[in-house]
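Enquirer: So that we are looking at the same thing, I have put the structure below in structure tokens.
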Amino acid sequence: MIPMPSGVRVWLATGHTDMRKGWASLALLVQERFAQDPHSGHLFIFRGRRGD
């Protein structure tokens, strides 16, 4: 189990994400899909097509 500070929210992106994207592109996805700040301290989880 990974301990997380209280107040941290976990956001799970549904569908497949192109994991070849860099950090900047994933941060843009956070802004567009979740309307959240990628530097907010919350945890954003993406899944690649293969699931690994």
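Enquirer: Could you calculate, for the chain, the ratio of the Cα radius of gyration to the Kirkwood radius, expressed as Rg to Rh?
Expert: Result: Rg/Rh = 0.97.
Enquirer: What is the packing order of peptides 16-24, 1-9, 40-48, taking the mean over residues of other C-beta atoms within 10 Å and listing the highest first?
Expert: Ranking the peptides 16-24, 1-9, 40-48 by packing returns 40-48, 16-24, 1-9.
Enquirer: Something else now. Check Trp11: other-chain or 5+ apart residues with amide H under 5 Å from its amide H, H built from backbone geometry?
Expert: Leu43, Phe44, Ile45
Readers should treat all values here as calculations from the given coordinates under stated rules, not as data from a laboratory. Owing to the predicted nature of the structure, the values given are computational and were not obtained by experimental measurement. As a convention, Cβ positions derive from the backbone with ideal geometry for all residues, glycine included, and neighbour counts pool all protein chains shown.
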